[in-house]
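Asks: One structure, pasted below without further comment.
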Amino acid sequence: MNARTLTVSWDDPMPAAKKAMSLSGRDYLTAMMEERMPAPPIAKLLGFHLAEIGEGFAVFECTPGEQHYNPIGVVHGGLACTLLDSAMGCAVHSTLPASTGYTTLEVKVNLVRPITTTTGLLRAEGRVIHTGKRMATSEGRLIDSAGKLYAHSTTTCMVFPSAT
């Protein structure tokens with residue numbers, strides 16, 4: 001065996017989550033992208049970051065590593081799903097006013113080719129299809145730096161007023 005290690009550090013997520021409710025979704029995500037707000041622990045754990053944010057649009061980037069591998073020697077599909085869920089959800093979040101939250105109700109991911117450590121930088125792009133008062137839908141694409149498609153997805157999110 002040839003053991004490797006990975007050390008992960010993150011900030012307490014609750015102060016940022018509380019602050020998020022006082023900002024529009026786009027303003028909060030912009031602050032996170034500009035590192036004025038800390039990234040969520042899941043991003044630190046899996047090694048991805050918010051790279052772009054716009055109205056109804058969000059992009060996360062990640063370079064797959066060995067720590068993402070499954071038992072059959074390729075990157076676990078959960079990484080693709082997490083990147084796409086993050087991009088699609090944040091695309092929805094970017095359209096929401098202050099004091100409004102959301103959560104994923106369902107996500108559908110189609111994995112179209114294997115991801116390995118030689119794949120290089122992956123880009124998960126999320127785009128809003130529709131944002132209503134209680135529901136929102138979004139679609140996503142996971143591509144490499146050459147634009148080759150690795151996965152595509154859709155989601156439905158529930159939109160709700162903040163409980164705080």
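Asks: Just from its helices, what would the mean residue ellipticity at 222 nm be for the chain, if runs of 4 or more DSSP H residues each count -39500 (n - 2.57) and the sum is divided by every residue, rounded to the nearest 500 deg cm²/dmol?
Replies: Taken over the chain, the calculation gives -7000 deg cm²/dmol.
Asks: Taking Cα pairs under 8 Å and at least six residues apart, what relative contact order does the chain come out at, in percent?
Replies: 23
Asks: Once you treat every alpha carbon in segment 1-75 as an equal point and sum by Debye, what is log10 I(q)/I(0) at q = 0.23 Å⁻¹?
Replies: Rounded to two decimals, the profile gives -1.09.
Asks: With Cα extents along the principal axes in Å defined as stated, name the option among (i) 50, 32, 25; (ii) 55, 38, 33; (iii) 38, 35, 29 computed from the structure displayed.
Replies: (i)
Asks: Let me ask you something else. So, with +1 on the Cβ of K and R and -1 on the Cβ of D and E, and no other charges, what is the size of the charge dipole of segment 1-140 about its Cα centre, to the nearest 20 debye?
Replies: Value, rounded to 20: 240 debye.
Asks: Using alpha carbon centroids, what distance separates segment 89-120 and segment 45-84, in Å?
Replies: 10
Asks: At what distance in nm do the modelled label points of Leu121 and Ser99 sit from each other, each positioned 7 Å from its Cα along Cα→Cβ?
Replies: Result: 4.0 nm between the two label points.
Asks: Per residue, how large is the accessible surface of the chain? Use a 1.4 angstrom probe and give square angstrom.
Replies: 55
The values are calculated or read from the model by the stated rules, or taken from the named source; none is laboratory data. Keep in mind it's a predicted model, so treat the numbers as computed, not measured. As a convention, Cβ positions derive from the backbone with ideal geometry for all residues, glycine included, and neighbour counts pool all protein chains shown. For accessibility, only protein heavy atoms count, side chains too; no ligands or nucleic acids. Shrake-Rupley method; radii C 1.70, N 1.55, O 1.52, S 1.80 Å.
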